[in-house]
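The values are calculated or read from the model by the stated rules, or taken from the named source; none is laboratory data. All values derive from a computational prediction rather than experimental measurement. Cβ coordinates were reconstructed from backbone atoms using ideal geometry, including for glycine residues, and neighbour counts include every protein chain displayed.
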């Protein structure tokens, strides 16, 4: 999925799973032996996509979930993971793609994203139990609107 692609509405769990899969796919492609021009374009796409994902998820998913007492601890932990991902993203972005440390830093970023996606799988059933369908749909729509706006602005 390129950074300009907008996701269409789906349920919250499906939307978040799609995001994780999309980012993981971009990371795998970047980690492969792509030529320099392709690597630059892939990094730009990954940076835009991952930035929009983390920012929109922080604001439009985790903040509302933290208002639900049963979800507060796990939602707060997912927000901390997102902050860690964002920090890794900035560190990698400050490097040149041909820097000898780039593959190791990209691997750390990928590991942080994959851990977040796995941990989010634990959160999703709790969200289904604690929040009604209409509220989940509102959160999903707000998330997608924010994410797509961030992608357009980057």
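Have a look at 75, 83, 44, 56 and point out the one that is at negative phi, in contact (Cβ under 8 Å) with a residue 60 or more places away in the chain and under 17 Å from the mean Cα position of the chain (by Cα).
Residue meeting the stated conditions: 56.
Is it true that residue 123 is touching a helix residue (DSSP H, G or I) at 6+ places or on another chain (Cβ under 6 Å), over 19 Å from residue 150 (Cβ atoms), modelled with pLDDT under 90 and surrounded by fewer than 18 Cβ atoms within 10 Å (Cβ to Cβ)?
Here the answer is no, as residue 123 does not meet what is asked.
Considering only segment 139-147, I want to know if a residue exists there that is loosely packed, with under 15 Cβ neighbours inside 10 Å and farther than 23 Å from residue 28 by Cα.
Within segment 139-147, one or more residues are loosely packed, with under 15 Cβ neighbours inside 10 Å and farther than 23 Å from residue 28 by Cα.
Could you list, in sequence order, all residues of segment 86-99 that are touching a residue at least 40 places away in the same chain (Cβ under 8 Å) and either touching a strand residue (DSSP E or B) at 6+ places or on another chain (Cβ under 7 Å) or surrounded by fewer than 12 Cβ atoms within 10 Å (Cβ to Cβ) (or both)?
98 - this is the single residue of segment 86-99 that is touching a residue at least 40 places away in the same chain (Cβ under 8 Å) and either touching a strand residue (DSSP E or B) at 6+ places or on another chain (Cβ under 7 Å) or surrounded by fewer than 12 Cβ atoms within 10 Å (Cβ to Cβ) (or both).
When segment 23-50 is examined, which residues are found to be part of a helix (DSSP H, G or I) and out of contact with any helix residue (DSSP H, G or I) (no Cβ under 7 Å at 6 or more places or on another chain)?
Scanning segment 23-50 gives 25, 28, 36, 37, 38, 40, 41, 44.
When residues of segment 51-78 are filtered for being surrounded by fewer than 19 Cβ atoms within 10 Å (Cβ to Cβ) and over 20 Å from residue 149 (Cα atoms), how many remain?
10
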